[in-house]
Amino acid sequence: MDKMYYNGVELTDDLFNEIPLDEHLSEESGYSNYSYWRSTFRTFFKSKLSIFLVAVIVVLSVFSFLYPVFSNVDPQQVTLDMDKWNMNANSENWFGTDGLGRDIWARTWYGTRNSLLLALVIALIEVGVGSIVGAIWGYVRKIDPFMIELYNIITNIPSTVYLILLSYILEPSFTTIVIALASSGWIVEAKFMRNKVLSLRESEYNIASQCLGTPLKRIVTKNIIPHLVSLIIMEAALTVPYSIGSEVFLGFVGLGLPLDTVTLGNMVNQGRANFMLYPYQMLYPTLVLCIITISFYIVGNKFADASDPKNHV
Amino acid sequence: MDNKILEAKNIVIKFNLRGKILTAVRNSSLDLYKGETLAIVGESGSGKSVFTKSFVGMLDKNGWIDEGELIYDGKDLAKFKTEKEWLSIRGKKIAMVFQDPMTSLNPLKTIGEQIREVITWHRNTPKDEAKKEAIEILKMVGIDDAEKRYKQYPHEFSGGMRQRVVIATAIACRPEILICDEPTTALDVTIQAQILKLIKDLQKELNMTVIYITHDLGVVANVADRVAVMYAGQIVEYGLSNEIFKDPKHPYTKALLLSLPQLGLKGEDLFYIKGTPPNLYREIKGDAFALRNPHALKIDTMYEPPFFKVSETHYAKTWLLHEKANDNLVIEKLEHNGKQKKEDNKKNEKKEVLVSLRNVSVKFKLDGKQFKAVEDVSFDIYKGETFSLVGESGSGKTTIGRAIMKIHPISEGEIYCKDKLISKKLKKDEMKAFRQSVQMIFQDPMASLNERAKVDYIVSEGLYNFKLYKDEEDRKRKVEKAMEEVGLLKDFLTRFPHEFSGGQRQRIGIARALVMEPEFIIADEPISALDVSIRAQIINLLNKLKEEKDLTYLFIAHDLSVVKFISDRIAVIHKGHIVELADSDELFENPLHPYTKSLLSAVPIPDPDLEKNKKILIYDPKIHDYSVDKPKWVEIKKGHFIWANDKEIEDYQKELDRNHYDKETN
C-alpha cells in the first residue's frame, strides 16, 4: 500500500490501532484547580491601590505600636519654657509642639496607637458578637420578630444621642467608649449576618446536612461560619474607620477618653482651640487620621469585591 | 440553500480567566444559509454559547476573538472594535433570545415599553407608531389581549409568557438572523413545545434564519434543518438533521445519541460516555474526545483529525473516517457496549409497603397568605421499586420529597415509613434510625455540596453524625468504598468540591447518601441539571446500586421520557394534586387524565421525522367541572389510580375498554 501523509506525518497502520481507555485520565480531564481563597486574594491584590493601602495600614500600625520602643520622647512631657510652646514644625519637633510644649509628632503616634487599639477592640466585639448573634438569629426562626423590633429600636435612635447619654452616665474611660460604640454596632452586624445566614440555611447543601441529621453545632461550624469568614473580615475592616471616627467625634464634643489619654480624638479636639493661630496642631493629627480611616475603608470595600465569586475572573 | 448569510472562518476565542488564558473556541468554522434553521448541540463548556455570542459582539469583558473572520453582509465582524459598530448589527440584523426570560427583561418597565424602546432605538420610529407596532408584535408572539398586556410588568407574566415577550423584543426590528440560546431550557415541557412552535411560525412569517443553541437533542430533532455538534470548543460534526440523527459518524455524536434515556430499554444498561468533558485550561492534543472514547485510535491522542467528507452536506472531524481506520468494527462495538442484563424476573409477588403517605397536605405561608403546595396526597411505595413522581415546576413534587425527609412539616395527614408513623416528633433513637435509612439526592450538584469542606468530610458527614464507624480506619474504608461504588477515585477525597465537574459532583452526592447504607433514597431531579452525556452515567449508577443494595427509590422528575426507562410506577402530579398513578407501562399505554396526555405529547423524541409531525396537546384545567360532582381518588383498573369525578370516571372507563378492544383486535 502507498504511504500516506498528513501534515508531513506518515500515517502508519499502527496509528490506527485502538488504545485502551484510561479511567483515571478520563475522569481527571475535568479537573479544575479553582480555589475560593486563592482567587479572592488574587483578585484583591490585582489592584495596585489595594496593595498600596494595605502597605500603608501595615506600616502605620507597626510604626505606631513600635514607636514607644525606639523613641524616648514622652508625649505628656510639658515644659515651662515659653519658647517651646506652639512651635512650628522643626528638625527636633517634626510636627511642632502644642500649647504646653508637648511634641505633636510623638503625641500623634501615641494617639494613633490608642485609637487603633480602641477601634480594633470595638471591631472585634461588634463583629464577633454580631456574627454569633446573627448566626443564631438567622437559624432560630422564633426569635426573629423580637430581634427585628430590637433592631428597629436601636437603629432608629440617632447614635449621637445615646453616645452622648452613655458617656454622661458612665465615667469616661476606655471601657466606656468601647461599650458606648459597640452597643449599637453589634446589632447592625447581626442583622447583616442574619440575612446571609438565612440564604445559607435554605441552600441545598445545608438541607443535605439536615437530611443526614447533622447536629446544629456542626452545621454552624461547618456549614455556616466558613461561608461567613470573608464577610467577617470585610465587616471588621469597615468597622475600624467608623469606630475611629466616632471616637474623634466624642472627643470633639468633649465626651471622649479622659483628656490625659493621648488619642487622635483628643488631639484633634485640643488642636481645634488654637486652629486659627496654629492650624498645624489640628491638621497633622487629622491628616494621619484621614489616611488611616480612608485606607481601612477602601481596603474593606476592595476585599468585599474580591470575595465575591462573581469577580473571580 | 446556497445563499450564505453568515460565514465564520477558523474562529478562535480566548478568555483571560484568573490569570490564565483559556481557549473556549478552537478553530471553528461555520456557514449559515439564508432561511435555514441550524442547531448547535453541545454540553456545557463546549463553547457553543460563546461561539454564537461572538456573532453579536456579546462576549464577556475578559474574552476576545483571537483569530478568524466573521463575514456578514460583506463586513468582517471580527474586526469590530467599538460598541457603536456592533449596535448597527446587534438587535437590528442579528438578534438573540436567552435562556432565562427573567434576567433578560427589565423588571421596572412595562413589557410594552421595552419592546417600543427597541423599535425607536434602532429605527427612530415615532413613539405612537412604535407603540402600535409593539402591540402588533405582541399579538404575533401569541399574547392575547395585547393592548392590556402592553401596560403590564414582567412579574405579571408566567415563565412561558415571559419568554414570548423576550422573543417579541428580539424580533421587534425584524432581524435577519435570530440566535436562540437554550430558549426553552428554563421552561416546563409543555410550555417548551409551544415556544418552539412559535419560533418556527415566526421564522416562516418573517423569513428569518435561526440558530438554536441547545444540549437537548429532542429540541434539535424538532426544529433543525442542519445540526452542528460541538465538543471541547470545536465543531466535530455537521450535516443535515437526518444525517446526524440517522447516520452519525463522530464517536461523540454517536455516543450522545445512544445515551439518550428515551432510547433505553428496561432492564438494560443505558449506553453511557465515561469520564468528564475536558477542562479547556489544558492544552488539548489530538482529538479532544479520545480520552473518553473507549475505542480511541492511537492517532487520536497525537494529531488533531481533519474534517472528512461523508456527503455533500455532512462532514465529520474524526480519524475513524480515514481509509485506514476500520470503521465498521468500531461502530458495532459502540452499539453493543450497553451490556445485556439478566431478565427482570422478580415480579414482586408479595409487595411490602415501605413508605406510605395518607392524605398528606403541606401548607406554606407566602406574603401572609396561606397556600397549599400539596393537597390530600396518598400513595404507597413498595419495597424494591422505583416510584416516580412527575410534574412541572411548582407542582409540589419537591415538597413531597422534603416532607418525607422531615425537612418541611406537613399540615395534615400521616406519613409512615416501615409501618412507623414518622410525621410526628420522633425520639432521638427513632430519628437516628430514620435519618440513616432514608437518604436524599439533590437536583443541583453545584449547590448541594458544601464548598468549604473537603470531599472526605462531605461523604463522611452522616457517619460522623451518628458515629457509624468503629475507628478512623473503619471510617476511611467506608468512605473509600462509597467512592469506589460511584466510580470516583480515592485521591479525590482530599479535594474540594469546586475542583469537580457537575457529573462528578453529583456522584459525590450519591456517595454521601450511600455511605449511610440507606434502604430508601429520594432522588430529587438528580439528572436534570446534568449534561446529556453525564445523565446516562448517573441513571446507570442509580440502577446498578438499586440492584446491588436492594434500594427503593422515590424519583422526582419533570420529564416523562427519563422516568419511563427507570421506573416501576409513575405518579403524575399537577398543582399539588396527584392526578394519575399507574405502572410505568400502563401509564404510557393508557394515559387517561388529560394532563398526563399533554405531558406525554410534549416529550421530545430524538428523531427528526417523528418529531416534526407530532401533535401537542395543551392541558386546560378548566375542562374539569368540579362544581357539583366532586372529584375523588379512585382505582379505575388494578393498580391504575386517577383523580376524577363520577362522570369523568365513566368516560375514562369507556376509553380504557376501547383501548383494550383495539389491542385485542390488532
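The values are calculated or read from the model by the stated rules, or taken from the named source; none is laboratory data. Just so it is clear, the model here is predicted, and its values are computed rather than measured. As a convention, Cβ positions derive from the backbone with ideal geometry for all residues, glycine included, and neighbour counts pool all protein chains shown.
From B:Arg512, B:Arg535, which residue is in contact (Cβ under 8 Å) with a residue 12 or more places away in the chain, among the basic types (Lys, Arg) and away from every other protein chain (no Cβ under 12 Å)?
Selected residue: B:Arg535, the only one of B:Arg512, B:Arg535 that is in contact (Cβ under 8 Å) with a residue 12 or more places away in the chain, among the basic types (Lys, Arg) and away from every other protein chain (no Cβ under 12 Å).
If I ask for residues that are over 14 Å from A:Asp305 (Cβ atoms) and touching a Lys or Arg at 6+ places or on another chain (Cβ under 6 Å), which ones from the range A:36-70 would you list?
Of the range A:36-70, the ones over 14 Å from A:Asp305 (Cβ atoms) are A:36-38, A:48, A:51-52, A:54-70.
Listed by number, the residues that qualify are A:Ser64, A:Phe65.
Could you check how many residues of the range B:587-629 are in contact with a helix residue (DSSP H, G or I) (Cβ under 9 Å, 6 or more places away or on another chain) and either in a helix (DSSP H, G or I) or of a type in the set (D, E, K, R) (or both)?
Final tally of qualifying residues: 24.
Given the criteria in contact with a Leu (Cβ under 7 Å, 6 or more places away or on another chain), of a type outside the set (Lys, Arg) and either buried (at least 22 other Cβ atoms within 10 Å of the Cβ) or without any contact (Cβ under 8 Å) to a residue 24 or more places away in the chain (or both), does B:Val236 qualify? Give the steps one after another, and end with the answer.
Numbers: in contact with a Leu (Cβ under 7 Å, 6 or more places away or on another chain): no; of a type outside the set (Lys, Arg): yes; either buried (at least 22 other Cβ atoms within 10 Å of the Cβ) or without any contact (Cβ under 8 Å) to a residue 24 or more places away in the chain (or both): yes.
Judged against the criteria, B:Val236 is not a match.
Among the numbered conditions (1) modelled with pLDDT under 90; (2) in contact with a Lys or Arg (Cβ under 8 Å, 6 or more places away or on another chain), tell me where B:Ile213 comes up short.
Condition (1) is where B:Ile213 drops out.
Please work out if B:Leu291 is surrounded by fewer than 24 Cβ atoms within 10 Å (Cβ to Cβ) and in the same structural domain as B:His322 (by TED's automatic domain parsing).
no
Looking at (1) away from every other protein chain (no Cβ under 14 Å); (2) in contact with a Leu (Cβ under 6 Å, 6 or more places away or on another chain), can you tell me which one B:Glu385 breaks?
Status for B:Glu385: all satisfied but (2).
Please pick out the residue among A:Asn206, A:Asn269 that is within 14 Å of chain B (Cβ to nearest Cβ) and either assigned to a helix (DSSP H, G or I) or over 23 Å from the mean Cα position of the chain (by Cα) (or both).
Details: A:Asn269 fails: within 14 Å of chain B (Cβ to nearest Cβ).
Just a single option satisfies the conditions, and that option is A:Asn206.
For the range B:13-24: of the residues being of a type in the set (A, V, I, L, M, F, W, C) and crowded, with 17+ Cβ neighbours inside 10 Å, which is nearest to the other protein chains (Cβ to nearest Cβ)?
My answer is B:Leu17.
Select, from B:Ala513, B:Ala482, the only residue that is part of a helix (DSSP H, G or I), crowded, with 22+ Cβ neighbours inside 10 Å and in contact with a Leu (Cβ under 8 Å, 6 or more places away or on another chain).
So the residue among B:Ala513, B:Ala482 that is part of a helix (DSSP H, G or I), crowded, with 22+ Cβ neighbours inside 10 Å and in contact with a Leu (Cβ under 8 Å, 6 or more places away or on another chain) is B:Ala482.
Which of (1) away from every other protein chain (no Cβ under 14 Å); (2) surrounded by fewer than 17 Cβ atoms within 10 Å (Cβ to Cβ); (3) touching a strand residue (DSSP E or B) at 6+ places or on another chain (Cβ under 9 Å) does B:Ile415 not meet, given it meets every other one?
Condition (2) is where B:Ile415 drops out.
Looking at the structure I just gave you, is B:Glu664 outside any loop (DSSP other than H, G, I, E, B), modelled with pLDDT under 90 and loosely packed, with under 13 Cβ neighbours inside 10 Å?
Values: outside any loop (DSSP other than H, G, I, E, B): yes; modelled with pLDDT under 90: yes; loosely packed, with under 13 Cβ neighbours inside 10 Å: yes.
It is true that B:Glu664 is outside any loop (DSSP other than H, G, I, E, B), modelled with pLDDT under 90 and loosely packed, with under 13 Cβ neighbours inside 10 Å.
Output the residues belonging to the range B:28-66 that are within 14 Å of chain A (Cβ to nearest Cβ) and assigned to a strand (DSSP E or B).
Correct list: B:Gly63, B:Trp64.
Only residues that are buried (at least 19 other Cβ atoms within 10 Å of the Cβ) and among the acidic types (Asp, Glu): list them for the range B:443-463, please.
Correct list: B:Asp444, B:Glu461.
Just to check your reading of the model, which residue among A:Glu235, A:Glu189, A:Glu247 is in a helix (DSSP H, G or I) and either over 21 Å from A:Thr40 (Cβ atoms) or within 11 Å of chain B (Cβ to nearest Cβ) (or both)?
A:Glu247
Select from the range B:577-590 the residues that are crowded, with 22+ Cβ neighbours inside 10 Å and either touching a Pro at 6+ places or on another chain (Cβ under 7 Å) or not β-branched (Val, Ile, Thr) (or both) and list them in ascending order.
B:Glu580, B:Leu581, B:Ala582, B:Leu587
Assuming B:Gly42 fulfils every condition listed in (1) touching a helix residue (DSSP H, G or I) at 6+ places or on another chain (Cβ under 7 Å); (2) without any contact (Cβ under 8 Å) to a residue 24 or more places away in the chain apart from one, which condition is it?
(2)
Take the residues of the range A:8-22 that are facing another protein chain (nearest Cβ under 7 Å) and outside any strand (DSSP E or B): which is modelled with the lowest pLDDT? Step through it out loud before you land on a result.
Start the filter on the range A:8-22 by keeping residues that are facing another protein chain (nearest Cβ under 7 Å), which leaves A:9, A:11, A:13-19, A:21.
The next check asks that each one be outside any strand (DSSP E or B); those that pass are A:13-17, A:19, A:21.
Values: A:Asp13: 73, A:Asp14: 74, A:Leu15: 75, A:Phe16: 74, A:Asn17: 75, A:Ile19: 74, A:Leu21: 70.
Among residues in the range A:8-22 that are facing another protein chain (nearest Cβ under 7 Å) and outside any strand (DSSP E or B), the one modelled with the lowest pLDDT is A:Leu21.
When you scan the range B:543-562, how many residues do you find that are at pLDDT 85 or above, surrounded by 21 or more Cβ atoms within 10 Å (Cβ to Cβ) and in a helix (DSSP H, G or I)?
1
If B:Gly47 meets every condition in (1) among the small types (Gly, Ala, Ser); (2) more than 26 Å from the chain's Cα centre (by Cα); (3) buried (at least 20 other Cβ atoms within 10 Å of the Cβ) apart from one, which number is that one?
The failed condition is (2).
I'd like the full set of residues that are at pLDDT below 85 and either in a helix (DSSP H, G or I) or surrounded by 23 or more Cβ atoms within 10 Å (Cβ to Cβ) (or both), limited to the range B:300-324.
Scanning the range B:300-324 gives B:Asp300, B:Thr301, B:Leu320, B:Leu321.
Can we say B:Ile111 is away from chain A (no Cβ under 14 Å), within 33 Å of the chain's Cα centre (by Cα) and aliphatic (A, V, I, L, M)?
It is true that B:Ile111 is away from chain A (no Cβ under 14 Å), within 33 Å of the chain's Cα centre (by Cα) and aliphatic (A, V, I, L, M).
A:Val129 - would you say it is surrounded by fewer than 19 Cβ atoms within 10 Å (Cβ to Cβ) and touching a Phe, Trp or Tyr at 6+ places or on another chain (Cβ under 6 Å)?
So A:Val129 passes the test.
Test each condition in (1) at positive phi; (2) more than 28 Å from the chain's Cα centre (by Cα); (3) not hydroxyl-bearing (Ser, Thr, Tyr) for B:Gly57 and report the one that comes out false.
The failed condition is (2).
Does the range B:225-247 include one or more residues that are in contact with a His (Cβ under 7 Å, 6 or more places away or on another chain) and either closer than 30 Å to B:Tyr150 by Cβ or basic (Lys, Arg) (or both)?
no
Name every residue in the range B:493-502 that is more than 8 Å from chain A (Cβ to nearest Cβ) and either assigned to a helix (DSSP H, G or I) or touching a Leu at 6+ places or on another chain (Cβ under 9 Å) (or both), in order of residue number.
Listed by number, the residues that qualify are B:Leu493, B:Thr494, B:Pro497, B:Gly502.
Within the range B:400-409, which residues are within 9 Å of B:Val362 (Cα to Cα) and crowded, with 22+ Cβ neighbours inside 10 Å?
So in the range B:400-409, the residues within 9 Å of B:Val362 (Cα to Cα) come out as B:400, B:403, B:408-409.
Selection gives B:Ile400, B:Ala403.
Could you check the range B:442-469 and list, in sequence order, the residues that are among the charged types (D, E, K, R) and either in contact with a Pro (Cβ under 9 Å, 6 or more places away or on another chain) or more than 9 Å from chain A (Cβ to nearest Cβ) (or both)?
First pass over the range B:442-469, keeping only residues among the charged types (D, E, K, R): B:444, B:451-452, B:454, B:456, B:461, B:467.
B:Glu451, B:Arg452, B:Lys454, B:Asp456, B:Lys467, listed by residue number.
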